[in-house]
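All remarks here apply to the structure that follows.
We did not get these values from a lab; they are worked out from the coordinates using the rules stated. Computed from a prediction, not measured in an experiment: that's the story for all the values here. Counting neighbours? That spans all protein chains shown, and the Cβs are built from the backbone with ideal geometry, glycine included.
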Amino acid sequence: MYLHQTLTSRAEIAARYGALNPTDATGMQNMVLYGSTSGSGTGIFGLTNSNVIATRAGSGTPADRVTVTITNFKYLLIAPGISDTGRDISATMPVEN
């Protein structure tokens, strides 16, 4: 539960950053991975750039949105030694003009 809530929060923070900086996909990824717009190496809970997708849709229209998705992350179940892949976590925010 902690891992899921932490990643959900990071996706929301990254989407809020993206609402103000919609062309900075790398910055959005880094907000998820490192909690900052810059960083390097493995991110929180072992995530990498390939686990975080930042997209923008509807550029220049009233439907202009950024979406940050965390995908293919591993988590441990309550029983030790058992792990699985979690469902994708996404956060979407309207772009501020």
By how many degrees, 0 to 90 and rounded to 10, does the Cα axis of helix 25-34 deviate from the longest principal axis of the chain? 30
Hey, what angle do you get for helix 2-20 against the long axis of the chain, alpha-carbon based, 0 to 90 degrees rounded to 10? 10
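Given +1 on the Cβ of Lys and Arg, -1 on the Cβ of Asp and Glu, and no further charges, what dipole in debye does region 2-94 carry about its Cα centre, rounded to the nearest 20?
Working: 6 positive and 5 negative charges, 5 e Å.
Computed charge dipole of region 2-94: roughly 20 debye.
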Per DSSP H run of at least 4 residues, take -39500 (n - 2.57); add these up for the chain, divide by its residues and hand me the 222 nm value, nearest 500 deg cm²/dmol. -9500 deg cm²/dmol
Where Rh is the Kirkwood radius over Cα pairs, Rg/Rh for the chain: 1.02
All other residues with a Cβ under 14 Å from the Cβ of Asn97 taken together, and with Lys, Arg as +1 and Asp, Glu as -1, what is their net charge? 0
